[in-house]
Structure formats: C-alpha cells, structure tokens
1. Looking at the range 63-91 only, could you name the residues that are assigned to a strand (DSSP E or B), touching a residue at least 24 places away in the same chain (Cβ under 8 Å) and either over 19 Å from LEU163 (Cβ atoms) or aromatic (Phe, Trp, Tyr) (or both)?
2. Please work out which one of (1) touching an Asp or Glu at 6+ places or on another chain (Cβ under 7 Å); (2) assigned to a loop (DSSP other than H, G, I, E, B); (3) surrounded by fewer than 17 Cβ atoms within 10 Å (Cβ to Cβ) is the condition ARG128 fails and give its number.
3. Among residues belonging to the range 14-47 that are touching a strand residue (DSSP E or B) at 6+ places or on another chain (Cβ under 8 Å), part of a loop (DSSP other than H, G, I, E, B) and near the ligand (Cβ under 9 Å from one of its atoms), point out the one that is nearest to GLU192 (Cα to Cα).
4. Given ALA35, ALA9, which one is of a type in the set (Gly, Ala, Ser) and surrounded by 16 or more Cβ atoms within 10 Å (Cβ to Cβ)?
5. Out of SER79, SER105, I need the residue that is out of contact with any Phe, Trp or Tyr (no Cβ under 8 Å at 6 or more places or on another chain), surrounded by fewer than 22 Cβ atoms within 10 Å (Cβ to Cβ), among the hydroxyl-bearing types (Ser, Thr, Tyr) and within 16 Å of PRO153 (Cα to Cα). Which one?
6. Tally time: how many residues in the range 131-144 are surrounded by fewer than 17 Cβ atoms within 10 Å (Cβ to Cβ) and assigned to a helix (DSSP H, G or I)?
7. Tell me the residue from LEU222, LEU158, LEU199, LEU163 that is within 15 Å of GLY34 (Cβ to Cβ) and part of a strand (DSSP E or B), please.
Amino acid sequence: MLELKNIDAFYGNIQALRDVSIKVGEGEIITLIGANGAGKSTTLMTICGMVPPRKGEVLFEGRVLNDVSPEKIVQLGISQVPEGRLIFPDLTVQENLDMGAFLRSDKDGVNRDLDQVFGLFPILLERRKQLGGTLSGGEQQMLAISRALMARPKVLLLDEPSLGLAPLIIRQIFDIIKQINRESNTTIFLVEQNANQALKVAHRGYVMENGRITLEDACDKLLANDAVKKAYLGL
Ligand code: ATP
C-alpha cells in the first residue's frame, strides 16, 4: 500500500536518510525503531511531503507522492500524528477534532467517525468542551490520534506515541492502536524508540541507524535477535 524506494533525504547539506526502502502492506502494523536522531521522524516527514526526497520514490497505492502537496497527501488517505502530539492548545477538544476533518465534506461520515473516536476514547467525550492545552499528556496523545482519525486515513502514521507517558498510559495507547488496526482495518506505520512495546504490537519491523535501514523482519524474530536485544531492549 505504501512503499519507500531507495530514499535519500537531506536538510540542506545534512543527509538524514540513506537509501531507505520500506514496504507497508494494507492492514499491517509496521514499526520503525531506532535511537535518537536515527532518522525516524524524517522518514515520516518524507512520506507526508514535508521533506521531499532528493533520490528515490514514495509510492502510495501505486502513485508516486514525491511532488504531491502535504494537503493532497492527507486527502489521498495518509494522516500523521506528530511527535510531541502538537494538538491546538487554545482550541477545545471538539474543535481539535473538527480540524482533523477540515478537508472532508461528508457530514454524515464525519459524525460517524466522531462517534467512533469517542467510543475509542470516552474521556474525550467527557472533556469535549475543555481546552486541548489543559489535558494531561496521555489525553493529549489520545486527542492527537483521534484528530488524525477524523481525516479517515487509510494509513495512520504515528511518531513516538509513547513519548513522555507513564507505563500504564503507554499500554492503553498501544492497545488502542491494535484496536484501530483490527476494527477499521487502518494500516499503521509506527515510529518508536520504545522498541519493546512497538515490536509487541506490530507485525513487522525495521531498524534504523544513522539514516539507514540495518535490519527488517517479523517482530517475533526481531524480539529474539541478539543485536536488537542488546541495542534496543536493554537485555
Ligand atoms: P528522535 O527520536 O530524537 O525524534 P529521529 O530518529 O526521529 O530522532 P530525525 O528527527 O529524523 O531522527 O533526525 C535525523 C537527523 O536529521 C538528525 O541528525 C537530526 O539532527 C537531523 N535533523 C532533523 N530535523 C532537522 C532540521 N529541521 N534541520 C536540520 N537537521 C535536522
């Protein structure tokens, strides 16, 4: 469904991605793990059209996305939940969700999806009129995921959803990620430093080091891989 083919990406003269190739099949949960600065967020930015590749291709349902605008990429069915959540702090929960549906004109569909996100995260229904900035970190992450779902994506890109959250909340968020994938067949590309949790929810995983993919395999194999255990699982 989504494919990165031999991508090189740069910030000015700094090369952030080197010959990166990743395949995400329809209905899969794929994770990309790696240390700080490995290039994980840049990979997501490349998919979203924010950092266009200098070499290689991003393909979505067979269409080349390299020169497609970020707005159009959302319309085609790819939504990102950015690192640090980046909700709108001065808008209410409801208004944040409305922003997620900004490009849609199917009112009935939007209302159905609103019911769906309130079903996934009942706390957001309770906090509907509260300002986004006054929510807890976990609630803001729930809101950021819900806002992305309001665009009704075919592929949901998640950038470190566990960042800065307590273990109990992290488990809750990862359970919901599995539920979203299972119930609405949404394809998920999950970028994480929390390799242990990410490899437990995803089907396949990629390991990134210094802008390169160094390993790819089924998650159970990566969890059993000695190099992964040592570098990312603290075992
Ligand atoms: P983290 O987990 O810390 O977010 P990451 O794996 O997502 O790290 P990236 O944010 O993609 O890594 O960064 C990859 C490289 O690109 C790093 O060397 C980083 O310093 C550099 N980089 C990222 N954003 C920019 C930018 N806007 N301008 C210049 N260099 C950047």
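Read-outs throughout are calculated quantities, based only on the coordinates presented, and are distinct from any laboratory measurement. What you see is a predicted model, and the numbers here were worked out from it, not measured in a lab. Note that we place each Cβ from the backbone using ideal geometry, even for glycine, and neighbour counts take in every protein chain shown.
1. In the first step, residues of the range 63-91 are kept if they are assigned to a strand (DSSP E or B); the result is 63-64, 78-81.
Imposing the further condition that a residue be touching a residue at least 24 places away in the same chain (Cβ under 8 Å) reduces the set to 78-81.
Across the range 63-91, the qualifying residue is only ILE78.
2. In the conditions (1) touching an Asp or Glu at 6+ places or on another chain (Cβ under 7 Å); (2) assigned to a loop (DSSP other than H, G, I, E, B); (3) surrounded by fewer than 17 Cβ atoms within 10 Å (Cβ to Cβ), ARG128 misses (1) alone.
3. Applying the filter and picking the extreme gives ALA35.
4. On the way: ALA35 fails: surrounded by 16 or more Cβ atoms within 10 Å (Cβ to Cβ).
None of the other options fit; the residue is ALA9.
5. Residue meeting the stated conditions: SER105.
6. 3
7. LEU158
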